[in-house]
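Student: Okay, here's the structure, questions in a sec.
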Amino acid sequence: MTKTLIGKRVLRNEDPRLLTGQAQFVDDVEIPGLLHAAFLRSDHAHARLLGMDVSAARQRPGVVAVFTAEDMGDDWQPGPPLVSPPPTAKDVLFYSRRQVPLVKDKVRHAGEAMAVVIAESRYIAEDAVEDIVVDLEPLETVVDLEKALQPGSPLVHDDLESNLAAHLSQKKGDYETARRQADLVLKRRIVIDRGAAAAMENRGIVADWDEKSQHLTVWDTTQAPIPIRNGLAARLGLSENQVRVIAPFIGGGFGPKMMMFYAEEMVIPWAAMKLKRPIKWIEDRRENFYATTQERGQIHDVEIALSRDGHILGLKDVFLHDTGAYDPYGLTIPLNTQCHAMGGYDIKNYSTDVSVVFTNKTLVTPVRGAGRPQGIYIIERLLDIASKELGIDAVEIRKRNLIPADAFPYKHGIIDQAFSPLILDSGNYWPVMQKALEMIGYEKFVRDEQPRLRKEGRHVGIAITPFIESTGVGPYEGARVTVEASGRIHVATGVGTQGQGHFTSFAQVVAQQLGVAVSDVRIVSGDTAEFHWGTGTFASRGAVVAGNAIHAAASIVRRKVLELASKELQTPQDELELEGGMVRVADIPDKSISLGELAARANPLRGAVEPGTEPGLEATSYFGPRYGATAFGTHAMILEIDPETMMIEIKRYVTVEDCGTVLNPLILEGQIHGGVSLGIGNAYYEKLHFDENGQLLNASFADYLIPSATEMPRIEVGHMETRSPLNELGTKGVGEAGTIPVPALFAQAVENALADRELEILETPLSPNRLYELWSQKEAR
Amino acid sequence: MRIEGQYTFDGPREVLWELLQDPKVLAACLPGTQSLRQVGEHEYEGEIGVRVGPISGAFAGQLTVTNEVPPVSSTLTVEGKGKVGFLKGVGNIDMTEQGPGKTLMKYTGEVQIGGKVASVGQRLFDSVSRGMIEQALGKLNEMLKARVASR
Amino acid sequence: MKPAPFDYYAPTTVEQALAHLAEHGDEAKVLAGGQSLVPMMNFRLVQPSVLVDLNPIPDLAFIQPDENGGLRIGALTRHYQVEVDPLVAVRMPLLHEAVPKIGYPQIRRRGTMGGSLCHADPSAELVAVSVALNGRFRLRSPKGERWIPAQDFFIGLFTTVLQPDELLVEVALPPLPARTGGSFMEVARRRHDFALVGVAAVVSLDGKGVCRQVRMVFLSAGDRPMEARRAADVLMGQAPTPEAIRAAAEIAASDDIDPSSDIHATAEFRRHLAKVLARRALDQACRRAAEKK
Amino acid sequence: MRKLFDLALTVNGTRHEQAVEPRTLLSDFLRHDLGLTGTHVGCEHGVCGACTVLLDGEPVRSCLLFAVQAHGHSVTTVEGLGAIDQLHPVQEAFRQAHGVQCGFCTPGILTTVVAFLEGNPDPSEEEIREALSGNLCRCTGYQHIVDAVRLAAQTSKTAHEQPAR
């Protein structure tokens, strides 16, 4: 094998285009005769649609068409169920109600699309939207999760008996017995609120129907071009081969761009075929706050049973999960929460029960973290309270409960988001936590610095939070690797890319096998014309699932290269090496042949290719993991609070990740930094404020607070490597790892900093105002 | 959003009550309202023009007066919708005499704002609604004083 | 998010600008830096049918020393120019301290002093600072011109005494007495967000270290810049002892402001912050004043 | 439709003359009329900074400017900084330090940084973060961007580079 490229800080292939404004994003697509769309969206969160007068809009100069639900006729169909309920789980209740292209009977969340205007320009389209007169009869709204389930609550879906969207219980061991044996039982209510993914690029879609070739091309800001292609073909009565979906450069995904089908994804291609004109719709930032999915809202009533020495005997969690107005994404998020509420701890008795609730709010689907931060938040909060109650150091109580290295693979006996048994494939947890402790100087800080600073009247706090991340779930991804006559390598895969550097990390995997320069490997992802099969980029699975498919395909191509080269060079394969784009005989430098030459010979114009062999140096391969690979990590933080203003400054931030084999540490660090920044947003800055009428009160970047460069601390990243036995490369996902533990970590640090006030924080996100309230309430008591 | 407050008028309660029965008076008090058409016994319609500095929205408005207990209390419901969104306000007013020629009005209510203004203008609601109420009651007091003077 | 249609005028003299305003009256909006107006137009919360763009007028952007030691600043002077101007740093340290807290760097490159003042956002740094520094505004209209003291200029939320046919052309900041110190402080969620509460304090001491002039103005604490007169009275004629300052801060927070609640802070929290900031700002202003010989 | 305005301006050194509707935002004019799609639009209310361009060398939000306001002025977009085969030193630094992930916010950050380093060739980390505070990035947590700006400052110092304009 040639010198290893895996694990090198290779610069990214995609950067020159991105840095010079030459990379194509969806809004960059220009087509002659392109029309522009704007949607009329509901001001009300819950209202009956009595009528709409679009005549004035239709008459406005420059307007080509205005469509309502009625105009779609039989083509009006709700979106497909994205993820069906788990077949393997017992007595699971699930009521599937999917989002609609345009409101027909009633509006179920503010900002739901009611009509679309197609015009010569976006400006004119927006003028025309203001011309439309809508007759809405406002209805009582469903916003609060608990009220939503009370009898007599207004219904989001009139045909259901209640707002219960799903119910699922899972059990491991016997919690009740464990509880009876416990020395300490803690019961708390923990409330987690909603945030937005807020990718810098809003969603967008361009649809171009070519009447002559009967072919539809769609550029879409999606994380899943292939399922979109398949779904569009089915919806529009076309063959999958008549539809090409391209997910070009995407300005950040973070989950919501995995959601299928958004109303606009259903309407725009349909309208393009109807009008036989290309149409572009680009979501604006305000729309993004209503029309793009969100996540995190849950209320947990959770109970933990411990022994005097701090061992967790059992955990019981009963929680509500807000799915918004529809539930196309099934139980993915609550399942993740259930699987992560045990953290990386050896918990023998566990009972978890979720009720998923419909509300008059924007749809909920995974946002970077996807239910995991909630799970980690509750277990870590409980352990912090327990450590105080039992007088056991916060680190020590965690150490005592971590799953020991010899216990892997560790079977939890409940099912995960992919409906396969939750098995933690591999890990070595304590050393990871230890490294984080060393990096942040935990002992010294607690022993010397903190007491000294507290004497000075300063409020500094430290926190440390271990966590797991289930990653790299199935079903599968595939890839095709081709050696071209130029000697360059072409790789096609189905997953889209949203900034993860796939064009580089995947290229490294291929270059490693074929002994070429990373820059000579061209990755094409997210174009259904290049690769037919696949699902998408989600659940931190790109590097794991697609990465290993590419690795497998590249290995086959390597074998083909060696077979052919050994013939051409009349040398046994084991004497050949692949280096610098050449196949060489180990110790005879001039006895060599280039990959390009071999590729040409493998695809002759004359002569015969031996029966049973394939032309070219190409292979297609697929990879589907038996179950997800579980990564582990630990974050640590030191922060200071101004106890008068409740303003917070993060002084130190440390992460140690064990995500198996590291393909490219540069890219890995970038993923972690970004994850942490979203996590810090979730912990302290980012909250979607819905009022009691389902009105979103902060649908702008002026009021929805994303951390900026002045809020973010420097992040020190450490690595450990425990290869996953589940795949050749030994990789585990890391895309969401940075986000998952942060709210828990932050709450722990705040409590520690305000130790003198003995706050107990049972919610996230926090804010200066909220901390002041919590403190005032405590004072009042 | 909850609103609560009180205002002392310079006039007797009966006269104040009398004024509140007059759509012209109500129109004059509602900021930016030119006129109100009476559409039912206690129902009025008109254009309410809310203006906050550069931000101005025309709302097709409706005013309903219910559970009247002359000359003590009643419930005013204002509803309006326009391009920038919608607003709905329900307010209970309760008037007690405060010695000769003084009337104390206590008001409590809910203001609901929706649509564009709600989604990007939230930081202004509180002061805007308080400002508008102050403005309306101030105007009403002016007219009350005028009416008293004209007697 | 695209603005509604409007007619655009780009006058190159104040006279032309005034003529356009006279012609279109209420229908017209003046476009200066546009950093507050254009977002509202993009949201279509504001839909003027006419925009009169002042940017092509050359002689509205200037920072000039005033023979008596004050400053004259043209309405179209960009925040960034004020931020980096050495004269401002020397003569109006409070202004120098406040300006970097306005918006983001790119906003300060474009936003103007006159625009910010006329927008009259009670959360705006310059609005509070102009009152704290006893600024006077020169307004021009076809009828002529008038000078208005800053504290009389702001009459409500986004509302000033400016008439539809009037333009703010210049701000005059009078010289500060000897032994005067200032302090500008604010608390914001992210460094450049609207302040939850902010305060601009100016204190002048006499030879004995007694407060002879105290001006403290809050931002985000009411529907306009809130001048803490009662608090000032507490300190006037007093030596600024910690107790006196604490007492003044208490009064300011309880009696001098009228904050409202929003999703970022309740009125109660704003009062609390106002008390904290008032104490800190007065303390710093007094120390700075005392340092001046 | 309102009266069109005869706009004449220079973009990346090239003069353009075109009649535009007064309400056309500069960001839309650059992207859709001139096809310079490197300038990205992330919020259209002046917060995210993705649309930052240089107007006569000053970093400004192109979503808060009407194209007509650039009349007689000169605009520099990301396309005017460097080319794929000849990156501007700041662009090169961003590549070296992995200051870009999805790349959507990047053009606005590059234009901001180019202007910033001209005024402050040797900034501290605090100054760099302050200078970046008007540009939101959701991918990087800013750390590699800050490192990239540092690196750019160093390389410019050593190579006595003047950032292009």
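The values are calculated or read from the model by the stated rules, or taken from the named source; none is laboratory data. Predicted, not measured: the structure shown is a model, and the values here were computed from it. Counting neighbours? That spans all protein chains shown, and the Cβs are built from the backbone with ideal geometry, glycine included.
Student: Name the single residue, out of those in the range D:42-51 being more than 7 Å from chain A (Cβ to nearest Cβ) and closer than 21 Å to A:R122 by Cα, that is surrounded by the fewest Cβ atoms within 10 Å (Cβ to Cβ).
Tutor: Only one residue tops the list, namely D:G46.
Student: Can you work out which of the residues in the range A:685-710 that are over 23 Å from the mean Cα position of the chain (by Cα) and charged (D, E, K, R) is surrounded by the most Cβ atoms within 10 Å (Cβ to Cβ)?
Tutor: Here the residue is A:D703.
Student: Look through the range B:69-111, keep the residues that are hydrophobic (A, V, I, L, M, F, W, C) and within 30 Å of A:E126 (Cα to Cα), and return whichever of them is nearest to the chain's Cα centre (by Cα).
Tutor: My answer is B:V78.
Student: Check whether at least one residue in the range A:448-466 is in the same structural domain as A:L639 (by TED's automatic domain parsing), under 23 Å from the mean Cα position of the chain (by Cα) and either part of a strand (DSSP E or B) or farther than 26 Å from A:F538 by Cβ (or both), and report yes or no.
Tutor: yes
Student: I've got another one for you. Grab the strands (runs of 3 or more DSSP E) fully contained in the range C:1-116, keeping just those with 1 or more residues being of a type outside the set (D, E, K, R) and within 14 Å of chain D (Cβ to nearest Cβ).
Tutor: C:7-9, C:28-31, C:50-53
Student: Continuing with this model, one more query. Could you give every pair whose Cβ atoms fall below 9 Å, whose first residue belongs to the range D:84-102 and is closer than 19 Å to D:A115 by Cα, and whose second residue is of a type in the set (F, W, Y) and outside any loop (DSSP other than H, G, I, E, B), counting only separations of at least 6 or pairs across chains?
Tutor: Final answer for the pair search is D:L87/D:F94; D:V100/D:F94.
Student: Here is a follow-up. Would you point out which residue out of A:G730, A:G735 is of a type outside the set (A, V, I, L, M, F, W, C) and surrounded by 22 or more Cβ atoms within 10 Å (Cβ to Cβ)?
Tutor: A:G735
Student: With the structure loaded, tell me whether B:Y44 is assigned to a strand (DSSP E or B), surrounded by fewer than 20 Cβ atoms within 10 Å (Cβ to Cβ) and among the hydroxyl-bearing types (S, T, Y) or whether it fails that test.
Tutor: no
Student: Step by step: first the residues of the range D:96-125, then only those that are within 9 Å of another protein chain (Cβ to nearest Cβ) and over 19 Å from A:G21 (Cα atoms), then the one that is surrounded by the most Cβ atoms within 10 Å (Cβ to Cβ). Which residue is that?
Tutor: Across the range D:96-125, the extreme among qualifying residues is D:F116.
Student: If I go through the range C:117-152 residue by residue, how many of them are closer than 30 Å to D:G57 by Cα and either at pLDDT below 95 or away from every other protein chain (no Cβ under 14 Å) (or both)?
Tutor: 4
Student: Is it true that D:E58 is more than 14 Å from chain A (Cβ to nearest Cβ), under 25 Å from A:P16 (Cα atoms) and surrounded by fewer than 24 Cβ atoms within 10 Å (Cβ to Cβ)?
Tutor: When the stated conditions are applied, D:E58 passes them.
Student: Hey, another quick one. Just wondering, is there one or more residues in the range A:724-732 that are assigned to a loop (DSSP other than H, G, I, E, B), within 13 Å of another protein chain (Cβ to nearest Cβ) and within 21 Å of the chain's Cα centre (by Cα)?
Tutor: No: the range A:724-732 contains no residue that is assigned to a loop (DSSP other than H, G, I, E, B), within 13 Å of another protein chain (Cβ to nearest Cβ) and within 21 Å of the chain's Cα centre (by Cα).
Student: Next question. Give the residue that is surrounded by the most Cβ atoms within 10 Å (Cβ to Cβ), with candidates limited to residues of the range D:126-137 that are assigned to a helix (DSSP H, G or I), within 10 Å of chain C (Cβ to nearest Cβ) and not small (G, A, S).
Tutor: Result: D:L132.
Student: Given the conditions (1) more than 21 Å from D:T37 (Cα to Cα); (2) assigned to a loop (DSSP other than H, G, I, E, B), and given that A:T222 satisfies all but one, which numbered condition is not satisfied?
Tutor: (1)
Student: What is the one condition in (1) within 30 Å of A:K8 (Cβ to Cβ); (2) within 14 Å of chain C (Cβ to nearest Cβ) that D:T140 does not satisfy?
Tutor: (2)
Student: Ok, one more. Could you tell me whether the range A:247-256 includes any residue that is of a type in the set (A, V, I, L, M, F, W, C) and more than 14 Å from chain D (Cβ to nearest Cβ)?
Tutor: There is no residue in the range A:247-256 that is of a type in the set (A, V, I, L, M, F, W, C) and more than 14 Å from chain D (Cβ to nearest Cβ).
Student: Condition (residue is modelled with pLDDT under 95 and surrounded by 19 or more Cβ atoms within 10 Å (Cβ to Cβ)) applied to the range A:64-79: is it met by at least one residue?
Tutor: Within the range A:64-79, one or more residues are modelled with pLDDT under 95 and surrounded by 19 or more Cβ atoms within 10 Å (Cβ to Cβ).
Student: Out of the residues in the range C:226-281 that are of a type in the set (A, V, I, L, M), within 14 Å of chain B (Cβ to nearest Cβ) and part of a loop (DSSP other than H, G, I, E, B), which is farthest from C:M216 (Cα to Cα)?
Tutor: C:I263
Student: Can you tell me which of (1) under 23 Å from B:G85 (Cα atoms); (2) free of Cβ contacts under 8 Å to residues at least 40 places away in the same chain; (3) not acidic (D, E) is the one A:L102 doesn't meet?
Tutor: Going through (1) under 23 Å from B:G85 (Cα atoms); (2) free of Cβ contacts under 8 Å to residues at least 40 places away in the same chain; (3) not acidic (D, E) one by one, A:L102 breaks only (2).
A quick yes/no check of all residues on (1) of a type outside the set (G, A, S); (2) closer than 20 Å to C:Y8 by Cβ; (3) out of contact with any helix residue (DSSP H, G or I) (no Cβ under 7 Å at 6 or more places or on another chain):
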residue: D:L7; (1), (2), (3): yes, yes, no
residue: D:R31; (1), (2), (3): yes, no, yes
residue: D:V47; (1), (2), (3): yes, no, yes
residue: D:G57; (1), (2), (3): no, no, no
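Student: A further question follows. Looking at A:V364, A:V357, A:V395, can you tell me which residue is buried (at least 24 other Cβ atoms within 10 Å of the Cβ), in contact with a Leu (Cβ under 8 Å, 6 or more places away or on another chain) and either modelled with pLDDT under 95 or outside the structural domain of A:N698 (by TED's automatic domain parsing) (or both)?
Tutor: The conditions single out A:V357.
Student: Across the range D:8-49, what is the total count of residues that are more than 13 Å from the chain's Cα centre (by Cα) and in a loop (DSSP other than H, G, I, E, B)?
Tutor: Final tally of qualifying residues: 13.
Student: For the range A:556-584, what are the residues that are in a helix (DSSP H, G or I) and either surrounded by 18 or more Cβ atoms within 10 Å (Cβ to Cβ) or not assigned by TED's automatic domain parsing to the domain that holds A:R480 (or both)?
Tutor: A:V557, A:R558, A:K560, A:V561, A:L562, A:L564, A:A565
Student: What are the residue pairs meeting all of these: first residue in the range A:623-645, first residue more than 24 Å from A:I423 (Cβ to Cβ), second residue aromatic (F, W, Y), Cβ atoms under 6 Å, and 6 or more apart or on different chains?
Tutor: Between residues of the range A:623-645 that are more than 24 Å from A:I423 (Cβ to Cβ) and residues that are aromatic (F, W, Y), the close pairs are A:M637/A:Y653.
Student: Now for a separate question. Applying the selection to the range C:137-175, what residues are closer than 16 Å to C:A28 by Cβ, touching a Ser or Thr at 6+ places or on another chain (Cβ under 8 Å) and surrounded by 17 or more Cβ atoms within 10 Å (Cβ to Cβ)?
Tutor: Within the range C:137-175, C:D165, C:E166, C:L167 qualify.
Student: Look through the range D:67-91, keep the residues that are within 8 Å of another protein chain (Cβ to nearest Cβ) and not in a loop (DSSP other than H, G, I, E, B), and return whichever of them is nearest to D:Q18 (Cα to Cα).
Tutor: The qualifying residue nearest to D:Q18 (Cα to Cα) is D:V68.
Student: Just a yes or no: is a residue in the range A:341-350 surrounded by fewer than 24 Cβ atoms within 10 Å (Cβ to Cβ) and polar (S, T, N, Q)?
Tutor: Yes, the range A:341-350 has at least one match.
Student: Please state which one of B:A146, B:A118 is within 14 Å of chain C (Cβ to nearest Cβ), among the small types (G, A, S) and either over 29 Å from C:L117 (Cα atoms) or crowded, with 17+ Cβ neighbours inside 10 Å (or both).
Tutor: B:A118
Student: Within the range C:234-293, restricting attention to residues that are among the hydroxyl-bearing types (S, T, Y) and modelled with pLDDT under 95, which residue is nearest to A:H689 (Cα to Cα)?
Tutor: The residue in question is C:S261.
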